[in-house]
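Structure first, then comments.
Only the coordinates and a few stated rules stand behind these numbers; no lab work does. These figures come from a predicted structure and were not determined experimentally. Using ideal geometry, Cβ is built from the backbone for each residue, glycine included, and neighbour counts are taken over all protein chains shown.
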Amino acid sequence: MGTIEKILNILKMKNEPKSYSVKFYAEMKLDDGRVVATEDDQFMIGSKVFAVSDDGNAEALEAGSYTMENGNKLTIGEILKYLILEKKKKLRMLKKHLQKKKKCQKTQN
């Protein structure tokens, strides 16, 4: 293959839509019959969750609350909201810890 043919092939590839292969390791079914999957070994806080169509295409699941086929709840949040909520939760836990520590010090005195 000559240099000109190689350049033409490269130019053709740039015009083709890119597709990505994603391997899913954990799947669950929603109560509406849709299949959701994650690249992680299991579903956990922070997992990226995708809705998988019958033909195998995957799209990120929109933020919201979903019910699984087994009745469990799955909540998908926007990442920024999630980070803010986690920080607030950690602050509450820290305040509780400090309050307990103060109570223990008062009872010891």
Least to most buried among Val49, Val35, by other C-beta atoms within 10 Å and fewest first, runs Val35, Val49
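Would you list Met68, Met44 from fewest to most Cβ contacts within 10 Å? Let's see the in-between values first.
Values: Met68 14, Met44 9.
So the ranking, lowest neighbour count to highest, is Met44, Met68.
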